[in-house]
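Data block below; observations after.
Just so it is clear, none of the values below were taken in a lab; they were calculated from the coordinates. What you see is a predicted model; the values in this text were computed from it and never measured. Neighbour counts run over all protein chains shown; Cβ positions are idealised from the backbone, glycine included.
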Amino acid sequence: MGGYILKRLGLAIAVALAVSMIAFLLLRLSGDPAIAIAGEGARSEDIEMVRKTYGFDRPLPVQYVEWLGKTLRGDFGESIYFKTPAAPLIFAKLETTMALGLLSLAFALALSIPLGVLAAVYRNSWIDRLCLALAVLGQALPNFFFALLLIMVFSITLRWLPVSGSDTWQHFVMPTIALGYYAAPAFMRLIRAGMIEVLEADYIRTARAKGLPASRVIFKHALRNAVVPVVALAAVQLGFLLGGSVVIETIFALDGLGYLAYQSITFKDFPVMQNIVLLLSVIYVVLTLASDVANAWLDPRIRVA
Amino acid sequence: MENCTRGRTGLRIAAGVLLAALFATTGPALAGKKDDTVRFAYDQAPESVDPFFNNVRIGVIIGANVWDTLVYRDPNTSEYKGNLARAWKQVDDRTIEFDLREGVKFHNGEDFDADSVVYTLNFVADPANKVTTQANVNWIEKATKLGKYKVRLTTKQVFPAAIEYLAGPVVMHPAKYYAEVGPKGQNTKPVGTGPFKVVNYVPGKSITLEKNTGYFKDSPKGAAKINRVEIRFIPDRQTQMAEMLSGNGDLIMHVPKDQADQAAKVPHLQVVSGETMRIAFMQLNSLDGTPTPALKDPRVRKAITHAIDRESIVKNIVGAGSRVLNTQCFPSQFGCTDQGAARYAYDPALAKKLLAEAGFPGGFETEIFAYRERNQTEAIINNLQQVGIKAKLNFSQYAAMRDAIRAGKASLTHQTWGSFSVNDVSASIPVWFGGESDDVTQDKEVQDLLKKGNNSVDPNVRKQAYQQALKKIADNAYSVPLWSLPVYYVASKDLNFTAYADEMVRLWEMTWK
Amino acid sequence: MSSSVTAAAAGVEPGGVVVAAPGIWRRVWKNKAVVVGGGLLLLIVAVALLAPWIAPYDPYAQDLANRNVPPFWYDAGGWAHPLGTDPLGRDYLSRLFYGARISLLIGVSVAIISGLIGTSMGMLAGYFGGRTDMAVSFLVTTRLSMPVILVALATVALVGGSLWVVIMVLGLLKWDRFAVVMRSATQQVRSLDYVAAAQAAGASTTRVLLGEVLPNVLPHLIVVATLEAASAILLEAALSFLGLGVQPPLPSWGLMISEAKSYMFFSFWLIAIPGAALALLIFAINLAGDGLRDLLAPEGRA
């Protein structure tokens, strides 16, 4: 078990480093940050001055190593655009995005588990198709369209919910639905597949033959086994949700990490951008590592993989 | 299975607790007229609230409401009135002396006097302090204190637009406070003398202003009448409109014409619109290394101008208040004129003829950069297509377009320019024809004429020089002046609100109906 | 490979080994999902292919005097423009037809590019195991820990937005699920008799992979391809929303939706029409893909 963890940890670190390098390169190549900082109307002397001040004229590998060293020591540098330290900025926004991610995950599960169970129990019938249709429904529309539709219905027409912001729990209802719906189909299919596999296993048939009631069979045995890969998927999906919340955060003015990332790409705010990508990939890697370990602990067969 | 279900519920409870802990609710949002609060939504948050360290419109607006300048230009009469300065005198070509107002206090209690002016001006003029828009301050050489309420300002060169800049972006900071906390401190806890003071600021999210009850009575701006303004940064335009439609907002700006027309039909909303100083134009790269060599031929450039149906676009797409321009400056700017300049009427047949004469009977291919007003760019592309010029659209961020221009990679660019609301042509034309890195024409004669206009103090000499430069530019069709841009505001019907051409939202003037 | 990464792809594969069963066409007919989904898909493809002939107007022709004309079911609308016109006066019905081409092109191209990359990687990893497997596993995990939207944004900011940039960026990013699924499918097939027989007979690795393994993992490939195509089409819409997708005046449905967003609260039909078309396409793809998956499941589960 210990060896397994070490191996996974080594892989995790390697991945995080690789991602940080890619992100760094990509961002540097995507444009001249000096112009973005100097702004509309700046002359070439201004831009040169900016370039020297921020050290953009040094060779790339030097800039990368320096950045990596500082980051590992906890110094995320200063946001070029906001002119405040990047670390508190990033972590403040992370709170909001984390809350949104967790809530969306919960919503996705709340939606997909009943649908997946129903679909598995009544597999290949019209109920099965209907459950899938419902799960896929929110995913068939581009997410910004779906989000604006929700606003149209719940804020403008019904006036039940506030439009944007993050002050109260009501502000999180629509963003959660809009973001969480996208994760639902994947969970639903997984639960359905897992439950079908279990429901058709011999020992289940035996249990049913012995006369155990269907609901007990479903919930006590089948679901419990189908849930194991869901835990793994949930970790992965949380990572995706955190990385994919840009559009939702923009529309609902949630001022979270996703929107900060979008702003930092737009304004070539490299310290912030690089650290966000690194942070998100570290979170993702940690989540997958944790779920791997949890899985391995639950199912010894996996440790050999 | 119980464990599983419990686990799921547990997760939800945890999330709920987390949320409750993070966001202790303060009750429903303040509601407009009932709470004497104007809820103003804007899309882009400024990178810093200190007016010298941002270059977004909302930053300029906050600057005018929370701070004061030495001089104030009355938007209705265009005359300069004393604001923090009682009077001023042009001593010689490069020197102005100011008599300052007494009895003015900053929001933190500090007194306003010559020290504030001297410290602020010398601080921002120093390039080491990295003021964002250098053009606003790098004309200042130094400020000297002559007495407790008397200051002398020296400019680096003859700079006739000095008063205009001192009435606009150059606000006054408190010397002691600014020396202590610097721009970072001003961004965290902003302090000015203006009709509003900042009571709450969450960077990137919102800024709340409250009426400054101690505002000095002699100010030409006048004291604020509304108690509070809550400015929220909402990046998506549709979300802003949704806030207005659901009654949760009182003011939004830069609403596209079509939506403004529709919003006017909504019972609880009103639409206010007006022309602004922002001009739209197309820069044509006619330098030797231009990616589209056809642009070097003046006939091609003239053909392009003739091909665009500016009247129709202005009427149908741009909106009420805008007008077609014949020279690349805003008519109210000192020195801006289209007198004697060539005019190019919409004439696609003539355009085709000119193209054929220049050796391009079938037209040619090129690329056009744009960063805003995309529907206008599309209409332009369509017009060009009809005379055979196939322009591929490259729509990107402003910074990316500027990169391309300065690297010589752009052929046609559809740009806009607000001149920082400075009413002097030195804030517009020289940017593209003054020989700097944005000059993709590099005509020496034009550059010399502009230098003459920029550096003379005699208004007649200036006007003549500018007029000749503008004429040469138009006659050679170096660029395509398009139109002026209007701004549409959508506001709650309860709000009394006036739109001004300088795109400045004067919150201190607003009242409820 | 990380079990959670495998889990992410699970629920998608048919599971088990696939054997071409007799009476396959009868089974296809009986599977309503494939019939309905596939049928819709074919309809959309037909519209896309026949667009130049069935579209009443040139989708790029602007008519500034007739902007924002509503569809025929509104009072102000008529049959001159059955689905109305857009903010630049272009006929919406024509743009819708031509838009089908672009959305389908994006879906298919991205599926092909990412499919080629991911399948090669997955098959090699599954067939050889050991170091190859570790290397592929590393690449997949690295790819998965990069937020797609942000990478796409950064790349498009780098090279500018256009149809081909979007296709390349998405194609180079979305190969992960192919790799994971093909890997596990290959692992299952690897141990089969006739594969061993081919190896014993001295066939080169390439021949074994292409001749024996590929035909057997093909069904898995098709299922994943359909889902990735749908996902790519939606991602293109999201990129357009963020301003970095295909450039106007291209009538891609994603761009049409993103442009119509400004009119959503007042002229809802401008966004509803391409939105419904896109939803229908995604729905059809998902339905057909799920149906295919069930169809290709081993006997005993059909």
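Calculated FRET efficiency, A:Y64 and B:K409, Cβ-Cβ r, R0 30 Å, to nearest 0.05? Walk me through the intermediate numbers first.
On the way: r = 27 Å, r/R0 = 0.89.
The computed FRET efficiency comes out at 0.65.
What do you get for the angle between helix C:32-54 and the principal long axis of chain C? Use alpha-carbon atoms, 0 to 90 degrees, nearest ten.
Result, in degrees: 50.
Give me the percent of DSSP beta bridges within the protein assembly as shown that run antiparallel, rounded to the nearest 5. If you can, show how the numbers build up before the last one.
Working: 58 of 77 bridges.
Percent antiparallel among DSSP bridges in the protein assembly as shown is about 75.
So if we plug the beta-carbon distance of C:T132 and A:V231 into 1/(1 + (r/R0)^6) with R0 = 35 Å, what FRET efficiency do we get, rounded to 0.05? Kindly include the intermediate steps, with their values, before the conclusion.
Values: r = 29 Å, r/R0 = 0.82.
With R0 = 35 Å, the Cβ-Cβ based efficiency is 0.75.
Largest first and in whole Å, what are the equivalent-ellipsoid semi-axes of the range B:196-245 based on the Cα gyration tensor, each being the root of 5 times an eigenvalue?
Numbers: eigenvalues 151, 35, 13 Å².
Semi-axes, largest first: 27, 13, 8 Å.
Starting from the Cα of A:R205, step 7 Å along the direction of its Cβ; do the same at C:W79; then give the gap between the two resulting points in nm.
Placing both labels 7 Å along Cα→Cβ, they lie 6.2 nm apart.
Over its Cα atoms, what ratio of radius of gyration to 2.2 N^0.38 Å does the range C:113-194 give? Kindly include the intermediate steps, with their values, before the conclusion.
Numbers: Rg = 14.8 Å, N = 82, 2.2 N^0.38 = 11.7 Å.
In units of the globular-protein estimate, the range C:113-194 measures up at 1.26.
Please find the FRET efficiency linking B:T77 to A:E45, where r is the Cβ-Cβ separation and R0 is fixed at 25 Å, and quote it to the nearest 0.05. Mind showing how you got there, number by number?
Values: r = 37 Å, r/R0 = 1.48.
According to the calculation, E is roughly 0.10.
If you line up the long axis of helix C:148-159 against the longest principal axis of chain C, both from Cα atoms, how many degrees apart are they, to the nearest 10?
60
Are any of the pairs A:K70/B:K184; B:K296/B:K392; B:K211/B:K493; B:K197/B:K463; B:K81/B:K156; A:K83/B:K444 more than 31 Å apart by Cα-Cα distance, and if so, which?
Numbers: A:K70/B:K184 22 Å; B:K296/B:K392 19 Å; B:K211/B:K493 22 Å; B:K197/B:K463 41 Å; B:K81/B:K156 24 Å; A:K83/B:K444 40 Å.
Where the Cα-Cα span goes over 31 Å, the pairs concerned are B:K197/B:K463; A:K83/B:K444.
Just want the ordering: B:S428, C:S162, A:S20, C:S191, from fewest to most Cβ atoms lying within 10 Å of their own Cβ. Kindly include the intermediate steps, with their values, before the conclusion.
Working: B:S428 24, C:S162 17, A:S20 20, C:S191 9.
Ordered by Cβ neighbours within 10 Å, fewest first: C:S191, C:S162, A:S20, B:S428.
How charged is the neighbourhood of B:G82? Take every other residue with its Cβ under 9 Å from the Cβ of B:G82, and add Lys/Arg as +1 and Asp/Glu as -1. Spell out each step's value before the answer.
Numbers: positive: B:K81, B:R86, B:R101; negative: B:D99, B:D218.
Local charge sum for B:G82: +1.
So which of B:K302/C:K261; B:K265/B:K513; B:K353/B:K471; B:K189/B:K513 end up more than 29 Å apart, counting from Cα to Cα? Provide the component values of the computation, followed by the final result.
Working: B:K302/C:K261 37 Å; B:K265/B:K513 19 Å; B:K353/B:K471 24 Å; B:K189/B:K513 32 Å.
Beyond 29 Å between Cα atoms: B:K302/C:K261; B:K189/B:K513.
Which residues in the range A:240-271 place their backbone N less than 17 Å from a point set 7 Å from the Cα of B:T188 along the Cα-to-Cβ direction?
What the label zone holds, given the 17 Å backbone N cut-off, is no residue at all.
Run a plain Debye calculation on the range B:138-278 (Cα atoms as equal point scatterers, no solvent) and give log10 I(q)/I(0) at q = 0.12, 0.17, 0.21 Å⁻¹, rounded to two decimals, same order as the q list.
Listed by q, the Debye log ratios stand at -0.77, -1.21, -1.37.
Classify chain B as rounded, prolate or oblate from the Cα gyration tensor: take a ≥ b ≥ c as the square roots of its eigenvalues, call it rounded if a/c is under 1.5, otherwise prolate when a/b beats b/c and oblate if not.
Note, shape of chain B comes out oblate.
Where does the protein assembly as shown land on Rg(C-alpha)/(2.2 N^0.38 Å)?
Numbers: Rg = 31.8 Å, N = 1120, 2.2 N^0.38 = 31.7 Å.
Dividing the Cα Rg of the protein assembly as shown by 2.2 N^0.38 Å gives 1.00.
Rounded to the nearest 10 degrees, what's the angle between the helix C:176-190 long axis and the longest principal axis of chain C, both from Cα atoms, 0 to 90?
For C:176-190 against chain C, the angle is about 30 degrees.
If the viscosity is 0.692 mPa s and the temperature 37 °C, what Stokes-Einstein diffusion coefficient in µm²/s follows for the range A:55-108 when Rh is the Kirkwood radius over Cα pairs? Before the final figure, lay out each step's value.
Numbers: Rh = 13.3 Å.
Result for D is 247 µm²/s.
With equal scatterers on the alpha carbons only and no solvent term, can you work out the Debye log10 of I(q)/I(0) for the range A:141-181 at 0.28 1/Å?
Relative scattering, expressed as log10 I(q)/I(0), comes to -0.98.
Taking neighbour Cβ counts within 10 Å as the exposure measure, how do C:E236, B:E110, B:E275, B:E436 sort from fewest upward?
On the way: C:E236 30, B:E110 18, B:E275 21, B:E436 15.
Going from least to most buried by this count: B:E436, B:E110, B:E275, C:E236.
Grab the other residues whose beta carbon is less than 13 angstrom from that of B:K156, score K and R as +1, D and E as -1, and report the net. Could you put the intermediate results ahead of the total?
Working: positive: B:R94, B:K142; negative: B:D93, B:D126, B:E141.
Around B:K156, the surrounding residues sum to -1.
Gap in Å between the Cα centre of the range C:201-256 and the Cα centre of the range A:51-108?
Rounded to whole Å, the Cα centres lie 33 Å apart.
Any chance you could get the radius of gyration and Dmax over the Cα atoms of chain A, in Å?
23.6, 86
Using a 7 Å offset from the Cα along the Cα-to-Cβ direction at both B:E102 and A:L29, what is the distance between the two label points in nm, to one decimal?
Label-label distance for B:E102 and A:L29, simple model: 6.7 nm.
Work out the mean other chain Cβ neighbour count within 10 Å for the residues of A:250-260 and drop it here as an integer.
Partner-chain Cβ atoms within 10 Å, mean over residues of A:250-260: 5.
Hey, how many Å between the Cα centroid of the range B:177-213 and the Cα centroid of the range B:35-88?
Taking the Cα centre of the range B:35-88 as reference, the centre of the range B:177-213 is 13 Å away.
Within 10 Å of each Cβ of A:164-173, how many other protein chain Cβ atoms are there on average?
Details: counts 11, 8, 4, 9, 9, 7, 2, 4, 3, 0.
Per residue, the number of nearby Cβ atoms from other chains is 6 on average.
Run the quick spin-label model on C:A196 and B:A345: label points 7 Å from Cα toward the beta carbon, then report their separation in nm to one decimal.
9.0
Per-residue mean of other chain beta-carbon atoms within 10 angstrom of the beta-carbon, peptide A:143-156? Please report the intermediate quantities before stating the final value.
Values: counts 5, 11, 15, 2, 3, 9, 5, 0, 10, 7, 0, 1, 7, 9.
Taking the mean over all residues of the peptide, I get 6.
Tell me the net charge near B:V104. Cut-off is 11 Å between Cβ atoms, B:V104 excluded, with +1 for each Lys or Arg and -1 for each Asp or Glu. Intermediate results must be reported in sequence, preceding the final value.
Numbers: positive: B:R86, B:R101, B:K105, B:K217; negative: B:D68, B:E102, B:E110, B:D111, B:D113, B:D218.
Result for the local shell: -2.
Remind me, relative contact order of chain B in percent, using alpha carbon pairs under 8 angstrom and six or more residues apart? Numbers along the way, then the final one.
Numbers: 1034 pairs, mean separation 95.6, N = 513.
Averaging sequence separation for qualifying contacts and normalising by length gives 19 percent for chain B.
With 10 angstrom as the radius, rank B:F330, C:F72 by how many other C-beta atoms surround their C-beta, starting from the fewest.
Values: B:F330 25, C:F72 15.
Sorted ascending by nearby Cβ count, the order is C:F72, B:F330.
Is it possible to state the helix-based mean residue ellipticity at 222 nm for the protein assembly as shown, with each DSSP H run of 4+ residues giving -39500 (n - 2.57), the sum divided by total residues, to the nearest 500 deg cm²/dmol? What is it?
Numbers: 41 runs with 569 residues, N = 1120.
Only helices count here, giving -16500 deg cm²/dmol.
Report ³J(HN,Hα) in whole Hz for each residue of the range B:97-111, in order, from the Karplus equation J = 6.51 cos²θ - 1.76 cosθ + 1.60 where θ = phi - 60°; Gly and Pro get x.
10, 10, 9, 8, 6, 9, x, 9, 10, 6, 4, 9, x, 5, 7
B:V199 label point, 7 Å along Cα→Cβ, cut-off 19 Å on backbone N: hits in the range B:223-255?
Taking a point 7 Å out along Cα→Cβ of B:V199, the residues of the range B:223-255 whose backbone N falls under 19 Å are B:223-233, B:249-251.
Assuming 1.002 mPa s and 20 °C, estimate D for the range B:367-512 with Stokes-Einstein, Rh taken as the Kirkwood radius over Cα pairs, in µm²/s. It would help to have the intermediate numbers written out before the result.
Numbers: Rh = 17.9 Å.
For these conditions, the coefficient is 120 µm²/s.
Considering every pair of different Cα atoms, what Kirkwood radius, in Å, is found for chain C?
Result for chain C stands at 21.1 Å.
Per q in 0.14, 0.18, 0.23, 0.27 Å⁻¹, report the Debye log10 I(q)/I(0) for the range B:383-427, using one uniform scatterer on each alpha carbon and no solvent.
Log10 of I(q)/I(0), two decimals: -0.51, -0.74, -0.91, -0.99.
Expressed as a whole number of Å, what is the distance separating the alpha-carbon centroids of the range C:113-130 and the range B:262-323?
52
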